[in-house]
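Nothing in this text is a laboratory measurement; each read-out follows from the coordinates by a stated rule. What you see is a predicted model, and the numbers here were worked out from it, not measured in a lab. Positions of Cβ are generated from backbone atoms using ideal geometry, with glycine treated the same way; all protein chains shown enter the neighbour counts.
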């Protein structure tokens, strides 16, 4: 099978972690007899420097012509001026919108070997297996925004508009409910319906969709502040969480502490077809860029999500996940999850360890079919 994808290394640690994701993808292609066809393109700050645009037309055309997109990260101090007319984050928002990627999947699991890396007590982490579905192309990030001078000259007025439509809510809730059917059969819908009109529409639509089309899936509604608390108090109670754009952005960063490090978590941004965009949830981490110590596991697991969702290669995806699981028992890991007193691995060390597992050059692991 030909695996045709676009590679967007981006900024900061993006190129470093993407390189390891590609090494793992190469190993999978060799082991299972696939052909990898990968084309590089620019996005974010690197694209601004080269073309003046955070998402050049050439990049978008390439992404639209391939089956999947692997992204590193965007942004950095060089482009931090929030008043600049073009900013790296614009490229990320634009590509999601242009490709119609409305559902962002962020799985959060806790590997037994990394329990000590989390600030939570071990008893809180037992059984944590959460899938957060974040609506990706609506809400306050895409609504009208602006600043204007007050009439009396005493200051300014700024506004960001949160807008949702019934179809936008319906489609992402359907994705969440369908995925819950393959898991433990429970959806938690997160909103702020006691305050926000958009959240009241969200709750009404979600209730109807779940009642009429997914009566076999349990549904609960939580206010976003309560959800933030319960993610720490009782994280194992959650199965699938579905929520709007900004709430999902914040809650998944919070949930990353359950896994021990933001560097551990992958994501998949999906639309109506098979094409998707895959990236770790961490940012460009400019403070460690170029030091060779970034954790590539989030990117490597994003490759597994790519194989599963865009190419329907479930066995290959599971092979990567189990290779990662085997490697995490090694005390030599990147600094964000390394055991106290243990030697520290580099980004390339950790990528090489996963490749060795996939290639059969390390401790044999059992491949569990899906």
(message) If I model a spin label at residue 163 and residue 61 as a point 7 Å from the Cα along the Cα→Cβ vector, what separation in nanometres do I get?
(response) 3.0 nm
(request) For the chain, with a Gaussian network of springs between Cα atoms less than 10 Å apart, report the residue from 296, 215, 331 with the top mean-square fluctuation. (result) 215
(message) 7 Å from Cα along Cα→Cβ at both residue 149 and residue 229: what's the point-to-point distance in nm?
(response) 4.5 nm
(message) I'm spelling it out carefully: the read-out is Cα extents along the principal axes in Å, the candidates are (1) 69, 51, 44; (2) 137, 54, 43; (3) 59, 49, 37, and one was derived from this structure. Which label?
(response) (1)
(request) Would you calculate, for the chain, the mean residue ellipticity at 222 nm contributed by helices, counting each DSSP H stretch of 4 or more residues as -39,500 (n - 2.57) and dividing by all residues, to the nearest 500? (result) -12000 deg cm²/dmol
(message) Within a 10 angstrom radius of the beta carbon, how do 121, 186 rank from fewest other beta carbons to most?
(response) 121, 186
(request) State whether segment 1-101 is rounded, prolate or oblate according to the following rule on the C-alpha gyration tensor (a ≥ b ≥ c being the square roots of its eigenvalues): a/c under 1.5 gives rounded; otherwise a/b larger than b/c gives prolate, and the remaining case gives oblate. (result) prolate
(request) For the chain, with a Gaussian network of springs between Cα atoms less than 10 Å apart, report the residue from 161, 188, 347 with the top mean-square fluctuation. (result) 161
(message) Would segment 21-172 count as rounded, prolate or oblate if I go by the C-alpha gyration tensor, calling it rounded below 1.5 in a/c and otherwise prolate when a/b exceeds b/c, oblate otherwise?
(response) oblate
(request) For the chain, set up a Gaussian network in which alpha carbons nearer than 10 Å are linked by springs, and say which option among 153, 263, 45 fluctuates the most. (result) 153
(request) Determine the gain in length on full extension of the stretch residue 49-residue 250; use 0.36 nm per residue of separation and subtract their C-alpha separation, reporting nm with one decimal. (result) 69.5 nm
(message) Quick check on segment 119-258: take the gyration tensor over C-alpha atoms, sort the square-rooted eigenvalues as a ≥ b ≥ c, and tell me if it's rounded (a/c under 1.5), prolate or oblate.
(response) oblate
